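Beneath this line is the structure, given in structure tokens, with notes to follow.
The values are calculated or read from the model by the stated rules, or taken from the named source; none is laboratory data. Everything numeric in this text was worked out from a predicted model, so none of it was measured. Cβ sites come from the backbone with ideal geometry, for glycine too, and all protein chains shown count toward neighbours. Ligands, DNA and RNA are excluded from the accessible area calculation, which covers all protein heavy atoms including side chains. Shrake-Rupley method; radii C 1.70, N 1.55, O 1.52, S 1.80 Å.
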Amino acid sequence: MGKGKAPRRTLDSYTLRNINKTIKAGDCVLMRPAERSKPQYVARIERIVADARGGNVKVHVRWYYRPEESIGGRRQFHGSKEVFLSDHYDVQSADTIEAKCTVHSFKSYTKLDAVGNDDFFCRFEYNSATGAFNPDRVAVYCKCEMPYNPDDLMVQCEGCSDWFHPACIEMTAEEVKLLDHYFCETCLSEDPKKLQNSLASSVDLDTKVDAKKRRRR
């Protein structure tokens, strides 16, 4: 008669000696990739189990996929720290955890004063079999009608509240940063008075840019 499967018990938490961090269900972690040349895997811990003696600790995880790991690949609007919560579950040794991290909501991520190496954000759930996303559509901005990428500088129109990339409105990032007011072409065509304000801002902008150039000479 073969031996029965050794009973395992669920742990409320577990301290990783290699990084001196305590993990629990719900925490997000960075895990050792199969190839050291690849970036660390991002996962959310669903459950922690151990054998009867508290050894051989395993973590049940739900993987986050990076855009390049999805069927459609990385697209222009994907942020450098963006990940997708997948339907891919797995069991891994706790020893493969290399660090804890934080996966923020998209809204929370955009409000961070500084983004660290252990900060990520998620705005989509991802079906690894079909390549489908939930939600299947998000708000788009600018003339290019692209979803917002938090890595990109954008300027907001004071009339319609839409956001625009500097290149899409034929401006440089430096010029946009110096703007006091901005109205898009559509809003300016609907209200000529806004044009006067915009032109005044443009004159002031030229003065600021020229003065900045002079200081650099």
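Other residues lying with their Cβ under 9 Å from the Cβ of P150 contribute a combined charge of -2, Lys and Arg counting +1, Asp and Glu -1. Where only DSSP H runs of four or more residues are counted, the chain gives -5500 deg cm²/dmol as its mean residue ellipticity at 222 nm, each run worth -39500 (n - 2.57). Per residue, the chain exposes 63 Å² of solvent-accessible protein surface, assessed with a 1.4 angstrom probe and all protein chains in place.
Against the chain, whose longest principal axis comes from its Cα atoms, helix 192-216 is set at around 80 degrees. Net charge around V115, counting only other residues with Cβ within less than 10 Å of its Cβ (Lys, Arg = +1; Asp, Glu = -1)? With Lys, Arg at +1 and Asp, Glu at -1, the neighbours total -3.
Just how large is the dipole of the chain about the Cα centre, in debye to the nearest 20, putting +1 at every Lys and Arg Cβ and -1 at every Asp and Glu Cβ?
Details: 35 positive and 32 negative charges, 272 e Å.
So the dipole magnitude of the chain works out to roughly 1300 debye.
Close amide-amide hydrogen proximity is noted between M146 and Y141, each under 5 Å apart and 5 or more residues distant or on a separate chain (H modeled in the peptide plane; Pro and chain starts excluded).
As a test of reading the structure, rank E82, E170, E190 by solvent-accessible area (1.4 Å probe, protein chains only), most first. Working shown, then result.
Working: E82 5, E170 170, E190 140 Å².
Ranked list, largest accessible area first: E170, E190, E82.
Heavy-atom accessible surface of L178, to the nearest 10 Å², is about 40 Å², with a 1.4 Å probe and all protein chains retained.
Pairs of Cα atoms in the chain fall into 5 Å distance bins, from 0 up to the last occupied one, in shares of 1, 6, 11, 13, 12, 11, 10, 8, 7, 6, 5, 4, 2, 1, 1, 0, 0, 0, 0 percent.
Given a 1.4 angstrom probe, I'd like the percentage of the accessible area of the chain that is carbon and sulfur, rounded to a whole number.
47
The accessible area of R75, taken with all protein chains in place and a 1.4 Å probe, comes to roughly 140 Å².
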